[in-house]
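> To start, I am sharing the structure in question, which I have written as structure tokens.
The values are calculated or read from the model by the stated rules, or taken from the named source; none is laboratory data. Just so you know, these numbers come straight off a predicted model, no measurement behind them. Glycine gets a Cβ as well: all are built from the backbone with ideal geometry, and neighbour counts include every protein chain shown. The accessibility values were calculated without ligands, DNA or RNA, using every heavy atom of the protein model including side chains. Shrake-Rupley method; radii C 1.70, N 1.55, O 1.52, S 1.80 Å.
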Amino acid sequence: MDKFVIRGGEPLVGTVRVSGAKNAALPAMAAAILTEEPVILENIPDVRDIQTERRLLEAMGGEVELGYGRAHHRTTICMRNLAAPEASYEIVKTMRASTLVLGPLVARTGRARVSLPGGCAIGARPIDLHIKGLEQLGAKITVEHGYVEAAADRLKGGEIVFDKITVTGTEDLMMAAALADGQTVMQNCAREPEVADLAALLNKMGARIEGAGSATLRIQGVPKLKGARHRIIPDRIEAGTFIVAAALTGGDLIIANCDPRHLTFTNKLQECGVKISHTGDSVRIQGDNPLQGCDMTTEEFPGFPTDMQAQFMALATQAEGSSIITENIFENRFMHAGELVRMGANIKIEGRRAIVRGKTPLSAAAVLASDLRASASLVLAGLVADGETIIDRVYHIDRGYERIEEKLRAVGAAIRRIGEMLPKRPALVGS
Ligand code: UD1
């Protein structure tokens, strides 16, 4: 298992480019299930979750072609030969977002068999709302032996009101409704930019979706969808992680290739004293301001994203005064706090609230990455800690960040990856 070794204290200076959004790329790849024609996706990030989704689509009979050289971030998917409409436990357990194939599979083939994701490190994360929504569209659902089985001759448009806002739930049902018979109206939908990006792709494929980016979606089902070419939006969470890195290290960093309209959380960072200026598709962070603590609550878009909560906590440890962080979306998303405390942070957890008292100097320690965004917060802490921080289990960070250590090193961070030395295999003796 790879580790990161980080020597803190280097300010980040220069320009770093943001990759395509993993959370927009995953549903876009699942959307290819809806058509027999090739779907060409540009700006696909080279991260582990994308490789997992590729394996998932290939296991169903899909052809997934990755670009080379300059086309390295292009992926072409053709699901003409969709032989096995299934997502196995083996794949779903490593990536919950695999459940995004449920809606498209039943819409295209009339059946789907998808493993229940079970719990994950940050909470129970059920998919009951995906299931309930598909039933509203006329699918017969059974749950047996840990698998959801869905069947429908043809889905029928209907009214769906989400009890709770769900990002992948909105995406899953939007894909299903795109091929249903008649109109579907979905209320209390997620308004994340990744949902709007999926709607844009589906409309290029011939779907008729209105209202993307708002809480109400109107979808006029069509009998068939066609292939399309689409460029995935930039990753707002990766951009946010670099913003915090620049602010923490007192650097001067240009974060290029992002969409500042999606960075709604920058208001909160500015409240903490982070100096941010926007120009076109980049933001510049000048980290010469002192940071001050402030309270933050995670919310659905356009509120402060739960996927930036851990990074915000790292920032709060270096801000003067106290910050109360309330996690509203997931019930168990403070695992990074214990590791930050081991590095010298003063953090108290009370249920869904974390109280951070700053500013405390951080000192390097051996720490363990527990989930994707938790690992990002440990990297950020390592960038300002005194000494050499060693982060174990960085495969969590590789799930969603493209070569983060190379990007950070290019702007001055002292970070390197070390692989575990495996014992050499004995040489095969020929017969
Ligand atoms: C997506 C993102 C993830 C982000 C999260 C919240 C992807 C691939 N992942 O995850 O990075 O942290 O949104 O912004 O886009 N819920 C239910 N029943 C359901 C579905 C969800 O109770 O059927 C609950 C969840 O447990 C959670 C809340 O709703 O408490 C929001 O979850 P949801 O928006 O569905 O998260 P994901 O789509 O899994």
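> Please list, in chain and number order, the residues 5+ apart from E320 or on another chain whose amide H is under 5 Å from its amide H, with Hs placed from the backbone.
Counting only residues 5 or more places away or on other chains, the set is L291, Q292, G293.
> Compute the helix-to-body angle for 22-31: its Cα long axis versus the longest principal axis of the chain, expressed 0 to 90° and rounded to tens.
Taking the Cα atoms of the chain, the angle to 22-31 is about 10 degrees.
> Set the Förster distance to 35 Å, then compute FRET efficiency between Y395 and V161 from the Cβ-Cβ distance, nearest 0.05.
Working: r = 38 Å, r/R0 = 1.10.
Computed FRET efficiency for Y395 and V161 comes out at 0.35.
> Then there's this: Say each of M1 and R409 gets a label point 7 Å from the Cα, pointing the same way as Cα to Cβ; how far apart are those two points in nm?
2.2 nm
> In straight Cα distance, which lysines are under 25 Å from K156, not counting same-chain residues fewer than 8 positions off?
The reachable lysines, counting only those whose Cα sits under 25 Å from K156, are K132, K140, K164, K204, K224, K226.
> In whole Hz, what ³J(HN,Hα) sequence does segment 387-396 give by Karplus (6.51, -1.76, 1.60; θ = phi - 60°), x for Gly and Pro?
Values, residue by residue: x, 9, 8, 10, 9, 9, 6, 6, 4, 4 Hz.
> In addition: Between E42 and H278, what FRET efficiency comes out of the Förster formula 1/(1 + (r/R0)^6) with R0 = 30 Å and r the beta carbon distance, rounded to 0.05? It would help to have the intermediate numbers written out before the result.
Working: r = 24 Å, r/R0 = 0.79.
Given R0 = 30 Å and the Cβ-Cβ separation, E is 0.80.
> Using 0.36 nm times the number of residues separating D386 and R261, minus their current alpha carbon distance, what extension gain do you get? Show your work: numbers first, answer last.
Values: separation 125, 0.36 × 125 = 45.00 nm, distance 3.53 nm.
Fully extending the segment from D386 to R261 adds 41.5 nm.
> Quick one: if you stick a label point 7 Å off each Cα along the C-beta vector at T142 and E271, how many nm between them?
That separation, rounded to one decimal, is 5.1 nm.
> Still on this model: Using only Cα atoms, locate the centre of segment 186-236 and the centre of segment 310-378, then give the distance between them in Å, rounded to an integer.
Between the Cα centres of segment 186-236 and segment 310-378 lies a distance of 35 Å.
> Another one. Treating the angle as unsigned and between 0 and 90°, give the value, to the nearest 10°, between the Cα long axis of helix 167-178 and the longest Cα principal axis of the chain.
20 degrees
> For the chain, what is the accessible area per residue in Å² when the probe is 1.4 Å?
Working: 17850 Å² over 431 residues.
Here the residues of the chain average 41 Å² of exposed surface.
> Next question, about the same structure. Once you wrap a convex hull around the alpha carbon atoms of the chain, what is its projected area averaged over all directions, in nm²? If you can, show how the numbers build up before the last one.
Details: hull surface 88.4 nm².
For the Cα atoms of the chain, the hull's average projected area reads 22.1 nm².
> I've got another one for you. Can you classify segment 81-150 as rounded, prolate or oblate using the Cα gyration tensor, where a ≥ b ≥ c are the square roots of its eigenvalues, rounded means a/c under 1.5, and otherwise it's prolate if a/b beats b/c and oblate if not? Could you put the intermediate results ahead of the total?
On the way: a/c = 1.95, a/b = 1.31, b/c = 1.49.
Verdict is oblate for segment 81-150.
> Amide H of A414 versus every other amide H placed in the peptide plane: which residues, excluding those fewer than 5 positions away on the same chain, fall under 5 Å?
R7, E10
> Further, regarding this structure: Would you list which lysines come within 26 Å of K359, measuring only between C-alpha atoms, while excluding same-chain residues fewer than 8 positions from it?
Hits, sequence-local ones excluded: K268, K275, K348.
> For the chain, what % of the accessible area comes from carbon and sulfur atoms, probe 1.4 Å? Could the numbers behind the result be given before it?
Numbers: 8700 of 17850 Å².
The C+S portion of the solvent-accessible surface of the chain is 49 percent.
> At a 10 angstrom cut-off on C-beta neighbours, averaged per residue, how do the peptides 178-188, 66-76, 315-325 rank from highest to lowest?
On the way: 178-188: 19.5, 66-76: 13.8, 315-325: 21.9.
Averaged packing, sorted descending, gives the order 315-325, 178-188, 66-76.
> What distance in nm separates the two pseudo spin-label positions at N81 and R55, each 7 Å out from Cα along the beta-carbon direction?
2.1 nm
> Turning to a different aspect of this structure: With θ set to phi - 60° and the Karplus curve 6.51 cos²θ - 1.76 cosθ + 1.60, what are the ³J(HN,Hα) couplings of segment 69-75 in order, to the nearest whole Hz, using x for Gly and Pro?
Along segment 69-75, the couplings run x, 5, 8, 3, 9, 9, 10 Hz.
> In addition: If each DSSP helix of 4+ residues adds -39,500 (n - 2.57) and the sum is divided by the residues in the chain, what number results at 222 nm, nearest 500 deg cm²/dmol?
On the way: 14 runs with 128 residues, N = 431.
The helix contribution divided over the chain gives -8500 deg cm²/dmol.
> In whole Hz, what ³J(HN,Hα) sequence does segment 342-351 give by Karplus (6.51, -1.76, 1.60; θ = phi - 60°), x for Gly and Pro?
Karplus-based 3J(HN,Hα) across segment 342-351 equals 4, 8, x, 6, 10, 9, 10, 9, 10, x Hz.
> Largest first, how would M1, M343, M335 line up by accessible area (1.4 Å probe)? Let's see the in-between values first.
Details: M1 110, M343 0, M335 60 Å².
Heavy-atom accessible area, descending, gives M1, M335, M343.
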